[in-house]
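The structure appears right after this line, and notes come after that.
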Amino acid sequence: MTAPTRLRALTGLAVRDGERKHLSECERGTVCVSCCGWEGRKPRTSNFIQCHTTCGSETARPPIARHGPLLPTQWLRRQPPPGSFEFRPKSKRFVNVPATIDIPVEGQEDEAVEIDLTTLANDDPAELCHLFEQEKAGRIIWMTVALAYAKQNHIDYAIEILIKGANSMQLNNPREKLSLVSCLCWMYLWKSREAPRVAPEGSLVSEAKTKEYYLQLATQSLNEASRINPAFPPLFLARGVLYLLRASLQAPSKTPGAGDTDKAELLRHALKSFDDAIRVSQGKNVLAVMGKARALFSLGKYPESLACYQEALTRMPDMVDPDPRLGVGCCFWQLGYKEDAKMAWERCLEINPDSKIANILLGLYHLDASSHVPTNSPEFIKLYKKAMTEYTQKAFKLDKNLPITCTTFANYFLSRKQFKTVDTLAQKAIHFTDVNAVASDGWYLLARKEHYDGDTERATDYYRRADDARGGNERGYLPAKFGVAQLSVLKSDLGEAKLRLEKMIQLSKSYEAMVLLGTLYAEEVFANQYAAVKEDKSNEAKKAIGLLESVRSAWKDPKKNLAPDAAVLLNLARLYESENSDKALQCLQQVEKLELDQVPDAQRPIDATDEAQVRAALRKSLPPQLLNNMGGFYFQDDKHELASEMFEAALSACVRIGQDDSDLDTDALVTTISFNLGRSYEARGLTDQAVEVYEGLLKRHDDYTDARTRLSYIKLRRAPNKEGPDAVAKLYQDNSSDLEVRALYGWFLGKVTAKKRPANVAEDPELRHYKHTLQNYEKHDRYALVGMGNLYLMSAREMRRESETDKQKRSATYNRAVEFFDKALQLDPMNAYAAQGIAIALIEDKKDYKNALQVLIKVRDTIKDAHVFVNLGHIYAELKQFSKAIESYEVALSKEGKARDAGILSCLGRTWLNKARAERTLEAYRTALDYAKQALAVAPEQLHFKFNVAFSQIQLTTFINSLNETQRTAAQLQDAAEGLESAIKALDEIAASPQPPYPKHDIEQRANMARNTQRKQLERALASQREYEEKNKEKLAAALELRQAEQRRREEQRKKAEETERLRQEQIRKEREAIMARDRELAELREAEELARYQAELTTDTETGEKVRRKKKTGGGGGGRREGGDPRPKRSRKKKAANKDTDASDVASSEEDEAAEKPARPAKKRKRLTSRKKETGASTKYKSAEIVVDSSDEGETITAKAARAMVGTDDELERSSDRGGRADEDDRMDVDGDEAGAGVGGGDDEDDGEAVNTRRAANKRSRRGRVVESDEEEEEDGVAVDTSMVDAAEEEDE
């Protein structure tokens, strides 16, 4: 496996950003260490040094692998046999540095000074340099001692020796100096890796020895070496590493939409340098291959980088310093194959357990895995603990200055709030890293620390630096941008925060930013609700709901692995509270589910089996505020029983909280929930339980006015004559300034004075009470405003309207009522009672039914009371929409306590009567009379209900009398006569009453008309109807019998048709199942045949032992004759019509079977058609010329054979259809005729075949294709293309 395409299909997947996952960029620094041959503070490998010091060549000779050159995957996964010794490659860095070295004494060949290179730390390099200069030591001695210092990590001493050695060599041959200067360049590159990224605090930038400082020295050394010998091979590798390090320090571009052009240019220069190094070494410089892989990785060309890493690993399987497996794993990670990356890094640890890079990479792998599981799961704890203790901690012990390890540990200590340790580790990461992303992480950690400490200025600065390190502006670091937005919120600069968050959401769909921005908009809406002057915040509410709902929807996507947030749901519930209580309740129910899932198993009931019981028991462990809010929404939806359950569970939760924390005061919460529980008991009709709750509240808090108010109301409903009024009066006397008490007292005055309202509305006690409230207590009391509006509305309704002056006064009173309603709506735009009052004024004063209808429809969604539906019924009745009016009245009648409401029943009777008049249906008249009787039964003392019954009866009698003899019966007329008599009697009684609902004269006149006129008409109609029924009795009976028989026949036909259709559908279902089963069997059979045919073509390779396809032997002779020269017999003809239904695969299979049964004969050569352009000057009349070339069957696949068999079958049918005559030959083109003639004239078999094929092509005018002369090309393609459909289209066009 030497190419990435051999591993699997590669994709360009990127690693998701996250606080604990920086693999996408952070390992680039660590890989750079490995790829460039520099890891930590160690010099380059001994392979390179040995060749360099001995022969001056840069070629690094790859050592011979003990197990042979294994492929990368084999090398990663190879396991030693049990009981055998596993070969573990080791680093060869500095292995050629001797323990001692002899310095020859100048002029004395037998004497030498021995230097112990293992204890150089105790020696002054100045003395050694003096000794070397005095004895005129050679280049190798200077190099060896310098490398010995480097081996002991004394780089400065090594640099000093190399500088003095180069100066001493200056007097001799300059080329002797070349190797020393080249080595000096490498030492400066090493120091650059150790140096800080920025100048330490308190030091001058010009004097600080930063990474850039050492890179400049390395550049100077490299230039000096290039002046000596620009073709010196080691310089190519050094120049490539220098470009890599400069590219890693290049600041990201801040230009929107622009890439890092400067960095990319440096990386391309590095890539060229590595290619030159590989070229001059004839491909033997493995370190140059590693550098090339690193440059490609930085350019984002991960498949190409992976191929280079694999190439390096293939050439030197035992190379571990640097280890190409690290690069292989990083490429796999970037390509989305995280498990393969893990396998590569684990193999690194198997070979070198002390590899700090492999340890930290595996730690990051497990941190990334932990981010994909819930934080409260055991799997998360296991993965996180393994990442931090087993890998990251070990990497930190191996090198405490490794930047990526420092940032990883700093994140951990930040979660533990050990800020001092965080500061130390983050500063290390910033100073020692070569990677902008790691520096960005360091600044971000410092910003988070200052954010926790409350130092917003420094936190803002650090966030800015973290963002700039990754490009800033539209690029940058998203968590840093989010941190700046959070600081803006802390500074109360909400406009700046929203601007930043909106920009973040535009750049990247950050759900954290969406949550914060949605919360800010929601807080604006909530603050406006309590403001003295209300503003229109509907736009902000829509934005908040849109953002938070988007986050809520993202929770459902398992790929995003986002945990639901209760705060988001609670904000949504508050936003939905006023307009959509159902959605608000759904949000709270989802919060309840989240809380229930987090209840420990120890608190779950053991004996409960029913899910409802388990849920009820677990609710005691939930926050009582949540349960109280859910109960409130249930109460609004008239689900009073569920509301009581929630309030009771909330009280139990309060008790639990008090037991767990005795210092916590839950009295206020218990008081509120208890009051709500009492209200739910009232709504359910459990008055005694409600009274008990209120009295319990008053025992604990005797000044709880709300509880006293409810008790007074209950007493007023129970005893409206004595005890109730006394309780209300006592309550009002004690709490006259309480607005709720004043509202109750105003309602009480309205009930008392309802029957005796004064003619002048200004003298109404209720109105004066509300006016006093507005003038002296609260001018914005909405209850008082709506109450005054209702009083003016009732006064206007009762005013006279005979003259124009009366009408003007009445209209002015309606306008006065509308003014109060409008004021209430200004204070509370969602006040449905005020909106309803305006709608009633529009109807009664302006007769504006349509606009009033729109208002009442919106009010209906808020107020569930019966009077709203009664008003809707009135409007629909006025608009002649009787069905909708009846529906509204029936809804009002179904409300609690309204089942026997005489007013609603009377409205239903009137509407049914109007509908009967409009539709002229007897059933509607009867229904109207029935509702009128029901209203009278509820209130028999009301004379107008009695008049309604009499009036409905008279209308019913008139309608029946107007029907034809064929549309009515004598029984119906008899019933109408009885009803008319009762109506006459009722009208007489109403007229004799002291206060009739209508003028007495009008009622008497209507009774006389019924008595004199309608009675006689009804008598004549009854006699005529009886005579008609007597004459046509037999006909009517026969007609009834025929009608009943016809109905029975139709019913039988309907049942029979249904049974027939059922049987037909059943038969179709069975047939479909049988067809599907047969298709499955045929498919399985064909698959088995193909598999057997494929297996039969396989044979065992004698060299490799693998299964390969059997090669066919090419037979001699022409393609159209048998052995011995006899022509091949022609096949039998078939009809075209029979062949059209033949399946292509069946044809192919049958022909191959026939071919297998025939005796073996040499395979004939196939003739394939092609097209070539005409020569210059030839006629362009025809599309193409057709020629025939030879092609062998060797290597042809099964699919190609099947396609060729289909083509052959079509050709056979074409020959069969054309064989009856030669008429087509007359229409043949000249070029076809020439080719045919040429074919006939020859005697060779191939010529015969060409003629036949050419003639066939001329007749069919199809299958024109390019010439393919190579059998191997056909074998590589594997599938023969069937062009029959294209040919057919061309044939139709021609």
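Counted residue by residue at 0.36 nm each, then reduced by the alpha carbon distance between them, the extension gain from GLN418 to GLN108 reaches 105.0 nm.
Label-to-label distance for ARG1072 and THR118 is 8.7 nm, based on points extended 7 Å past Cα in the beta-carbon direction. Classify the stretch 809-897 as rounded, prolate or oblate from the Cα gyration tensor: take a ≥ b ≥ c as the square roots of its eigenvalues, call it rounded if a/c is under 1.5, otherwise prolate when a/b beats b/c and oblate if not. Since a/c reaches 1.5 but b/c is at least a/b, the shape of the stretch 809-897 is classed as oblate.
With Cβ to Cβ distances under 13 Å as the rule, what net charge do the other residues near VAL786 carry (K, R +1; D, E -1)? Around VAL786, the charge tally is -3. The relative contact order of the stretch 346-391 comes to 36 percent, based on Cα pairs under 8 Å that sit 6 or more residues apart. Per-atom-type breakdown for the stretch 186-300 gives carbon and sulfur 51% of the accessible area (1.4 Å probe, protein chains only). Applying 0.36 nm per residue to the separation of GLU641 and LEU594 and subtracting their alpha-carbon distance, the gain on full extension is 14.6 nm. Residue by residue, the stretch 763-768 carries 3J(HN,Hα) couplings of 8, 5, x, 5, 5, 5 Hz when phi is fed to the Karplus relation 6.51 cos²θ - 1.76 cosθ + 1.60 (θ = phi - 60°); x denotes Gly or Pro. The stretch 145-169 and the stretch 541-609 have their alpha-carbon centroids 67 Å apart. The listed peptides 734-746, 620-632, ordered by packing as a protection proxy, come out as 620-632, 734-746 (highest mean of other Cβ atoms within 10 Å first). In this structure, GLU1084 and ILE381 have a Cβ-Cβ separation that, at R0 = 41 Å, corresponds to a calculated FRET efficiency of about 0.25. Note on THR753 and GLU1019: with the Förster distance fixed at 51 Å, the Cβ-Cβ geometry gives a FRET efficiency of about 0.45.
Placing a label point 7 Å from the Cα of ASP975 along the Cα-to-Cβ direction, the residues of the stretch 938-957 with a backbone N closer than 12 Å are 957.
Past the 27 Å Cα-Cα mark, which pairs from LYS211/LYS272; LYS385/LYS420; LYS755/LYS985; LYS209/LYS284? Over 27 Å apart, Cα to Cα: LYS755/LYS985; LYS209/LYS284.
From the alpha carbon centroid of the stretch 414-428 to that of the stretch 824-845 is 62 Å. In this rough spin-label picture, where each label sits 7 Å from Cα along the Cβ direction, the SER508-GLU207 distance is 4.1 nm.
Summary of packing: across the peptides 371-379, 440-448, 151-159, 549-557, the per-residue average of other C-beta atoms within 10 Å ranks them, highest first, as 440-448, 151-159, 549-557, 371-379. Quick one: grab the alpha carbon gyration tensor of the stretch 344-393, order the square roots of its eigenvalues as a ≥ b ≥ c, and give me rounded if a/c is under 1.5, else prolate or oblate depending on whether a/b is larger than b/c. Prolate. Here the Karplus curve 6.51 cos²θ - 1.76 cosθ + 1.60, taken at θ = phi - 60°, turns the phi angles of the stretch 480-488 into couplings of 5, 4, 5, x, 4, 5, 4, 5, 4 Hz, with x standing for Gly and Pro.
Taking amide hydrogens as placed 1.01 Å from N in the peptide plane, the amide H of ALA112 sits under 5 Å from those of VAL105, each at least 5 positions away in sequence or on another chain. Classify the stretch 955-1071 as rounded, prolate or oblate from the Cα gyration tensor: take a ≥ b ≥ c as the square roots of its eigenvalues, call it rounded if a/c is under 1.5, otherwise prolate when a/b beats b/c and oblate if not. Note, shape of the stretch 955-1071 comes out oblate. For the peptides 416-425, 355-364, the ranking by mean Cβ contacts within 10 Å, running from highest to lowest, is 355-364, 416-425.
With protein chains left intact and a 1.4 Å probe, residues in the stretch 435-585 average 48 Å² of accessible area per residue.
Measuring between their Cα centroids, the stretch 957-1018 and the stretch 306-342 lie 106 Å from each other. When only Cα pairs below 8 angstrom with a gap of at least 6 residues are kept, the stretch 125-245 shows a relative contact order of 20 percent. Taking all Cα pairs closer than 8 Å and separated by 6 or more residues, the relative contact order of the stretch 885-1011 comes to 18 percent.
The gain in end-to-end length when the SER736 to LYS559 segment is fully stretched comes to 57.5 nm, 0.36 nm per residue minus the alpha carbon separation.
Among the GluC sites (Glu not before Pro) in the stretch 92-174, those located in a DSSP loop and surrounded by at most 11 other Cβ atoms within 10 Å of their own Cβ are GLU106. The phi torsions of the stretch 868-883, fed into the Karplus equation with coefficients 6.51, -1.76 and 1.60 and a -60° offset, translate into couplings of 5, 6, 5, 5, 4, x, 4, 5, 4, 5, 5, 7, 6, 9, 5, 5 Hz, rounded to whole numbers, with Gly and Pro shown as x. How about the stretch 469-534: which trypsin sites (Lys or Arg not before Pro) there lie in a loop by DSSP and see at most 13 other Cβ atoms within 10 Å? Sites meeting the loop and neighbour criteria: LYS491, LYS509, LYS534.
The values are calculated or read from the model by the stated rules, or taken from the named source; none is laboratory data. Note that the coordinates shown come from a computational prediction; the quantities given were computed from them, not determined experimentally. Don't worry about glycine lacking a Cβ; one is built from the backbone with ideal geometry, like all the others, and counts go over all protein chains shown. Side chains are part of the model used for accessible areas, which takes the heavy atoms of the whole protein and leaves out ligands, DNA and RNA. Shrake-Rupley method; radii C 1.70, N 1.55, O 1.52, S 1.80 Å.
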